[in-house]
Structures are given as structure tokens and as C-alpha cells.
Amino acid sequence: MQNPLKTVVFPVAGQGTRFRPATLATPKELLPVIEKPLLQFAIEEAVNAGAENLVFISSEDKPGIATYVGLPGVAADCHVTVVNQPEALGLGHAVLCARDYVRDQEFGVILPDDLIFGSTGCLPQMANARERNGPNLIAVENVALEDTSRYGVIDPHHTEGSKISAKGIVEKPDPKDAPSQLAVVGRYILNTSIFDRLATQERGNGGEIQLTDALAGDINRQGLTGYRFGGDRYDCGNPGGMLEATIAYARQRADLSETITRCLKTAA
Ligand code: G1P
């Protein structure tokens, strides 16, 4: 890794209500795609981006997260910290809870619900593409117009290769108000200046402290760039996306590809 990203933060305090009853006792990030938990894919992606310091923002009713990441071999040789978010105040607040554990000027954030398959992981691609102490960098992809209300959406300014400089970003806009169809997916490389912004920020969409609002507030000072990554993204925060990810993963696997092809043929 030519430009390693040493610290990666994993916001994992969400309740996973779309996966009840499984999530009554198992954190949604530990639900498996075949045998591998979503969180394990995220950890491996972080390690491939050069991470040595992993920070998990969990909640006290999800003790399984701390148990899992403490198991031998799960987090490679990384230094691991688990912090409990005291209240469910949103993604921005979760990221702010990592403040004392980020030692470098820049850090990565992975939302494990967004599972991305590709020949190179999404965060390693972004780590290599970033400028040191450059603009905040966020993974983006095109979504259908009717889906803009599920994502942060950027207002693009100028495109150069895979990078799109943004002049604005809004959280979950109505399709009629969306500045584009370029949606933020769950990978970020942030400058630590974001923490000051998050610490003083008012609540936004859904009454939560939104990371999107902090990125918008920092555009003039830090800048903001969207990054079109290579690979396929699956929204494993909902059952349909989890099913698609499971099929895609089975197809990649020598031991399962025949079975999945047969099943899909029978079902067709
Ligand atoms: C969060 C962010 C949103 C982003 C999305 C990506 O929303 O707030 O900007 O587009 O993750 O998955 P959530 O899915 O937690 O509602």
C-alpha cells in the first residue's frame, strides 16, 4: 500500500430493525454472507487500506461486537478500541465518539452495511487516490432518482477521472430537490478537522447529528471530493441487498458457484 490509511472507524451502533428477529441477539454487522460476517469484510478492507488502528463505535446493548473483534485473528495485528455510543444521535455523533482514538491527520470510515466487492477494495482505492491533507473524500455512485431520499447526495462541480469535486452535499433529499443522482455510499476518508465541526453542529435530518452536514459545513475550509469506485456495492442494511450480496459472493467461490448456478436455474 503506497499511501496507507492508518486509522479506520466503524460505526456499528445501529439496531438492525430490518433484520428482526435475528438482530434481537446478534448485531446486524455480525450477520454473515454465507459464513463471513459483514464486519469481517469491513475489517479486511480496512487492513488492505493499510489500517493498524481500528475503532468500533458500538452500543452497550450490542456486546457481541466487542466479543467478536477481540477474538484472536479477527483484526489481524491491529490495535482495537471499542467505544459505546452513549445515545443513538446519528452517524455524525458516532464518528465524533472516535475523536480521542484517531492519531493521524486523516482517517477512514467504513459502514459495514455497504458491502463492496471488486478486485481492489473500495477504501484501498480511495487511500491510493487521495491527496495528503487534501479534501474530504467520499465514495459515490449513481442511484435511481427515486432513491435519493435514502442517501447523502452531492452537488457536483468538476469531474476529473474518478474524482468529482463537490460544491455541496445534502442528506436524504427528496428526488425533486436532489442536486444530482450521485449518492454517498459508506466509505469516507476524513480530515480530523471534521471533529470540531461535529462537536458544535445542530441536529439535522431525523433529529440526528449528520456527518453529511459536517461535510457540507467544511466544504469551504477543507473541500469535498466524490470518488467513483470500481466494484459492485450491495446494501446489506436491507434483506434484498443481503440476498443479492450472498448470491454474488457464492458465485465468486469455487466451492459454491455450481450450487448457486443450479439453484438459480431451478428457480427461474
Ligand atoms: C448513511 C449516511 C448517508 C449515506 C449512507 C450510505 O445513511 O447518513 O449520507 O448515503 O449512510 O449507506 P444511513 O444508511 O445510515 O441512513
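Derivation of every value follows stated rules applied to the coordinates shown; laboratory data play no part. Quantities reported herein were computed from a predicted structural model and do not represent experimental measurements. Quick reminder, even Gly has a Cβ in these numbers, built from the backbone with ideal geometry, and neighbours come from all protein chains shown.
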Residue list for segment 127-152, filter: part of a helix (DSSP H, G or I) and either within 13 Å of the ligand (Cβ to nearest atom) or more than 24 Å from Gly90 (Cα to Cα) (or both): Ala127, Asn128, Ala129, Leu145, Asp147, Thr148, Ser149, Arg150
Residue among Asn238, Asn220 that alone is surrounded by fewer than 19 Cβ atoms within 10 Å (Cβ to Cβ) and more than 20 Å from the chain's Cα centre (by Cα): Asn220
Residue match in segment 31-42 (condition: in contact with a Lys or Arg (Cβ under 8 Å, 6 or more places away or on another chain) and part of a strand (DSSP E or B)): no
Filtered residue count, segment 8-58, keeping only those that are more than 14 Å from the chain's Cα centre (by Cα) and among the β-branched types (Val, Ile, Thr): 6
Residue in segment 117-140 that is over 25 Å from Leu39 (Cα atoms) and either surrounded by 19 or more Cβ atoms within 10 Å (Cβ to Cβ) or basic (Lys, Arg) (or both) present: yes
Strands (runs of 3 or more DSSP E) enclosed by segment 156-268 - at least 1 residues per element that are closer than 19 Å to Asn133 by Cα and more than 13 Å from the ligand (Cβ to nearest atom): 163-171, 182-191, 224-228
Filtered residues of segment 103-122 (kept if within 14 Å of the ligand (Cβ to nearest atom), in contact with a strand residue (DSSP E or B) (Cβ under 6 Å, 6 or more places away or on another chain) and not β-branched (Val, Ile, Thr)): Leu111, Asp114, Leu115, Cys122
Complete set of residues in segment 19-34 that are within 22 Å of His93 (Cα to Cα) and either in contact (Cβ under 8 Å) with a residue 60 or more places away in the chain or among the β-branched types (Val, Ile, Thr) (or both): Lys28, Glu29
